[in-house]
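Please read the structure below before turning to the comments.
Each value in this text was obtained by applying a stated rule to the coordinates, not by laboratory testing. Quantities reported herein were computed from a predicted structural model and do not represent experimental measurements. Here the Cβ is made from the backbone with ideal geometry for all residues, glycine too, and neighbour counts use every protein chain on show.
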Amino acid sequence: MDLLNTLVEKGLRRELPTREEALAVLATSDDDLLEVVAAAGKVRRQWFGRRVKLNYLVNLKSGLCPEDCSYCSQRLGSKAEILKYTWLKPDEASKAAAAGVAGGAKRVCLVASGRGPTDRDVDRVSQTIEAIKEQNEDVEICACLGLLSDGQAERLRAAGADAYNHNLNTSEGTYGDITTTHTFADRVDTVRRAQTAGLSACSGLIAGMGESDADLVDVVFSLRELDPDSVPVNFLIPFEGTPLAKEWNLTPQHCLRILAMTRFVCPDVEVRLSGGREVHLRSMQPLALHLVNSIFLGDYLTSEGQEGRADLEMIADAGFEVEGADTTTLPEHRREGCGPCGSGDSGQSAPAEPVTNTGAPRTDLVAVRRRGAGTDLAPNA
Ligand code: SF4
């Protein structure tokens, strides 16, 4: 297919595809899916080989957020029956992080619900970063605390944070449909503050919120312009009790096309398969490893992921390898000092239900997290 040949050539040169080319990837048919995956896989291997970076989430503060992001189970007025707790103490967070590192994670993501941190919150997180680094000197730490105000990014950097995450989530044009308590521009501002402070920026999207393919292309192009080092791609987990609970409109095939499009637009960036992979890609997850070079290990903030061991087995079975702490994730030209890139079981067998890939609700696959951080139960890593 000419389109795919063009996109591979551009990806290998780190050249920006046109919007039309990116849209055309999302419009390809299921018959062409393996060709699309193979083409984007060439770009992935050029910049990241067969390595898969593992990341581990620690939810420092869960629920009770005053913001109204419609996709979020922690939002104002959410009826989702998630774990709710206030700030974990540094030693509790460090213990949670250690489980992820022991499972093979090289980055720990410290996340807190809320509009943004107070200066006291930044102190608290700084102590947590120090506690984690004392135990695991080499682990990368990414903070995700919401909108940053003056000096906070610099203080996090000084405390030893390596990166800061703040997602754009959706296109600028549809942002107001998803959230009313802050703007797309607020989010861009925080990513820029992180970059200015010398933190590696992590910013991504959520697909499956009722957006059009054009919106998906818009947000990925906005991300390319912002030039973060990592781009998490989330697929909406339609939590019961949130406004988007009925938005079951993704198929595994379309998820793969979205990941391929993201890889073509951001060829040399850490593209991270994030929340919703088990729910929407299901048995197709191994194919996604040909497109992304990074995943989360274990559970998510408020929902459960598949067993950490299953992730490791999937990576090995698909012919990939877990990226070690001694390997730098990004290609040389993107490392520090370089400029932005070139432009239940009953025991009885029941009759099988017909399975379709129409994006039909799979509420059976959404499990609220009840273990790990904020509980007395062991984490899943
Ligand atoms: S995404 Fe963040 S800011 Fe928005 S409701 Fe959830 S926790 Fe609050």
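Annotations
- The reciprocal of the average 1/r between distinct C-alpha atoms defines the Kirkwood hydrodynamic radius, which for the range 14-124 equals 17.9 Å.
- D_trans [Stokes-Einstein, Kirkwood Rh over alpha-carbon pairs] for the range 136-244, 10 °C, 1.306 mPa s, µm² s⁻¹: 109
- Equivalent ellipsoid semi-axes, the range 249-343, via Cα gyration tensor eigenvalues times 5, rooted, Å: 24, 17, 12
- Total formal charge among the other residues, if their Cβ is under 13 angstrom from that of ASP213, Lys/Arg +1 and Asp/Glu -1: -3
- Distance from the range 24-76 to the range 81-115 (C-alpha centre basis), Å: 20
- Computed lengthening from ALA102 to ASP31, 0.36 nm per intervening residue step minus Cα-Cα distance: 21.5 nm
- Amide proton proximity set for ALA325, modelled H, under 5 Å, gap of 5+: none
- FRET efficiency for ALA185 and ASP119, using Cβ-Cβ distance with R0 set to 22 Å, rounded to 0.05: 0.45
- Seen from LEU156, the other residues with C-beta closer than 12 Å to its C-beta sum to a net charge of -2, counting Lys and Arg as +1 and Asp and Glu as -1.
- Taken one residue at a time, the phi angles of the range 59-76 give Karplus couplings (6.51, -1.76, 1.60, θ = phi - 60°) of 8, 6, 8, 10, x, 6, 7, x, 7, 10, 4, 5, 7, 9, 6, 9, 5, 3 Hz. Gly and Pro are set to x.
- For the chain, the ratio of Cα radius of gyration to the globular rule of thumb 2.2 N^0.38 Å stands at 0.93.
- In plain terms, the chain from LYS246 to GLN46 could stretch by 68.1 nm, reckoned as 0.36 nm per residue minus the Cα-Cα distance.
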